[in-house]
Amino acid sequence: MLTIRPLTAADNRQARDIWELRFHDSLSFIDWFFTERFAPETSFCAEQDGRIVSIAHGAIMQLRVRNAVFPAMMISGVATLPGYEGRGLMKQVLFAIFSECRRRNIPLAFHKPSHFSIYRAVGEFPCCDALFHTRTQPPERPITWDALPDAGTLLKIYAQATKPYSGCVIRSLGDMEKRVRDLTCDGARFLLHRTGGIPDGYLFASQEDDGSLYCEEALALSCPAYEALVSRLPSGSVVKLPPDAGLPGEPLPWGVMIPVDVAYLLRALCGDPAAFRLAVLDGMMPWNNGVFDGAGVRTEETPTDTLSVGRLMQFLCGYLPFQSAFSQQTCYCADEY
């Protein structure tokens with residue numbers, strides 16, 4: 001018998017086993033995740049005859065979209081056991097999470113897809129980018145790593161550096177402390193940049209299997225600070241950066257946002273009933289289907305445009321502009337899970 005249900009604390013071992021089987025993460029990261037991020041009350045699974053066969057983890061965060069702040073569900077660890085693929089289990093588990101979001105009045109969900117093609121089938125499209133810069137020159141002097149400052153110092157940099165971005169997580173001090181433990185659990189090293197003695201940039205660098213460095217989180221308050229930080233890294237280092245960091249690199253689509261409550265988001269992000277009349281198509285969440293005006297009110301009038309819910313989200317967050325209603329924004333999210 002197949003059951004779709006929320007996880008419980010007793011599912012920790014099965015959930016961890018699935019993560020170890022389906023993802024190529026270190027045991028130290030998995031220890032961190034299932035100690036500090038595991039949230040059974042907002043995570044769901046498909047259970048077949050007492051065995052979890054498909055799973056998705058959810059964690060509630062605060063997300064800035066344009067200049068508004070919303071509760072949002074970060075989704076991670078979406079996985080189905082071998083032999084159970086192709087049965088629509090992932091879609092059912094995700095629908096359970098979205099239904100939980102609706103019950104909790106959480107209007108948004110977001111995640112970093114492992115493969116965009118998989119999630120396009122459920123109507124999701126990119127909503128933020130990341131810039132990947134590869135260091136081609138050696139540093140002027142051998143690298144000297146810095147000591148980690150207190151999390152409050154890093155949080156000040158994070159808050160100022162990410163304030164311009166749409167789609168970025170708003171962190172508390174506790175969130176920042178947790179993120180530092182995440183980034184350092186595998187032995188990542190740290191660099192801090194100062195301008196006039198004031199900290200204004202940081203990066204975390206971890207060693208890959210081939211010996212090169214990968215910097216998962218690098219944030220600074222200016223392009224010169226980004227350049228100065230990266231210039232200290234060895235040749236071959238790869239740094240994930242916001243798309244406007246001012247360094248050469250490869251921009252890639254890096255995350256999606258899912259509108260769980262279209263009416264609420266239209267009201268919060270537009271609010272002008274005369275702006276448009278949109279026919280919204282959502283193959284996952286039936287409550288999002290219908291014709292809405294710019295204030296999120298359902299209407300029987302003829303729509304001016306028809307959009308899938310995934311395309312609408314690209315306009316809502318500013319990844320793409322839409323007429324005069326939604327201007328384009330720089331969209332970036334440092335968090336991935």
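With of a type in the set (Phe, Trp, Tyr), surrounded by fewer than 22 Cβ atoms within 10 Å (Cβ to Cβ) and within 16 Å of the chain's Cα centre (by Cα) as the only criterion, which of Phe29, Phe125 stands out? Lay out the reasoning, then the answer.
Working: Phe29 fails: within 16 Å of the chain's Cα centre (by Cα).
Of the residues listed, the single one that is of a type in the set (Phe, Trp, Tyr), surrounded by fewer than 22 Cβ atoms within 10 Å (Cβ to Cβ) and within 16 Å of the chain's Cα centre (by Cα) is Phe125.
Mind checking which pairs have a first residue in the range 262-274 that is on the phi < 0 side of the Ramachandran plot and a second that is polar (S, T, N, Q) and not in a loop (DSSP other than H, G, I, E, B), Cβ under 6 Å, 6 or more apart or different chains?
Val262/Asn288
Quick check on Asp244: is it of a type in the set (Asp, Glu), in the same structural domain as Ala151 (by TED's automatic domain parsing), closer than 23 Å to Phe326 by Cα and not in a strand (DSSP E or B)?
yes
For every residue, the table says whether it meets (1) in contact with a helix residue (DSSP H, G or I) (Cβ under 6 Å, 6 or more places away or on another chain); (2) without any contact (Cβ under 8 Å) to a residue 24 or more places away in the chain; (3) within 27 Å of Thr80 (Cα to Cα).
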residue	(1), (2), (3)
Pro113	yes, no, yes
Ala121	no, yes, yes
Pro139	no, no, no
Ile143	no, no, no
Leu155	yes, yes, no
Tyr158	no, no, no
Pro164	no, no, no
Ser172	no, yes, no
His193	yes, no, no
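So which of Leu203, Leu148, Leu229 is aliphatic (A, V, I, L, M), within 19 Å of Phe29 (Cβ to Cβ) and either touching a Gly at 6+ places or on another chain (Cβ under 6 Å) or without any contact (Cβ under 8 Å) to a residue 40 or more places away in the chain (or both)?
Step by step, each of Leu203, Leu148, Leu229 is checked, and only Leu203 is aliphatic (A, V, I, L, M), within 19 Å of Phe29 (Cβ to Cβ) and either touching a Gly at 6+ places or on another chain (Cβ under 6 Å) or without any contact (Cβ under 8 Å) to a residue 40 or more places away in the chain (or both).
So, Gly318, is that one crowded, with 16+ Cβ neighbours inside 10 Å, under 19 Å from the mean Cα position of the chain (by Cα) and at positive phi or not?
yes
Quick grid of which residues meet (1) of a type in the set (Ser, Thr, Tyr); (2) crowded, with 17+ Cβ neighbours inside 10 Å:
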| position | (1), (2) |
| --- | --- |
| Leu154 | no, yes |
| Ile157 | no, yes |
| Tyr165 | yes, yes |
| Asp186 | no, no |
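Run down Gly152, Gly167, Gly187 and say which single residue is on the phi > 0 side of the Ramachandran plot, more than 19 Å from the chain's Cα centre (by Cα) and not aliphatic (A, V, I, L, M). Give the steps one after another, and end with the answer.
Numbers: Gly152 fails: on the phi > 0 side of the Ramachandran plot; Gly167 fails: more than 19 Å from the chain's Cα centre (by Cα).
Checking each option against the conditions leaves just Gly187.
Looking for whichever is part of a loop (DSSP other than H, G, I, E, B), under 29 Å from Lys240 (Cβ atoms) and of a type in the set (A, V, I, L, M) here; the options are Ala334, Ala295. Which one fits?
Ala334
Can you tell me which residues in the range 153-192 are in a strand (DSSP E or B) and either outside the structural domain of Ala220 (by TED's automatic domain parsing) or touching a Phe, Trp or Tyr at 6+ places or on another chain (Cβ under 7 Å) (or both)?
Quick first cut of the range 153-192, residues in a strand (DSSP E or B) only: 166, 168-170, 189-192.
Within the range 153-192, Cys168, Arg189, Phe190, Leu191, Leu192 qualify.
How about the range 315-328: which of its residues are more than 15 Å from Ala268 (Cβ to Cβ) and in contact with a Cys (Cβ under 8 Å, 6 or more places away or on another chain)?
Tyr319
The values are calculated or read from the model by the stated rules, or taken from the named source; none is laboratory data. Everything numeric here is computed off the predicted structure, so don't read it as measured data. Methodologically, a virtual Cβ is constructed for each residue, glycine included, from the backbone with ideal geometry; neighbour enumeration extends over all protein chains shown.
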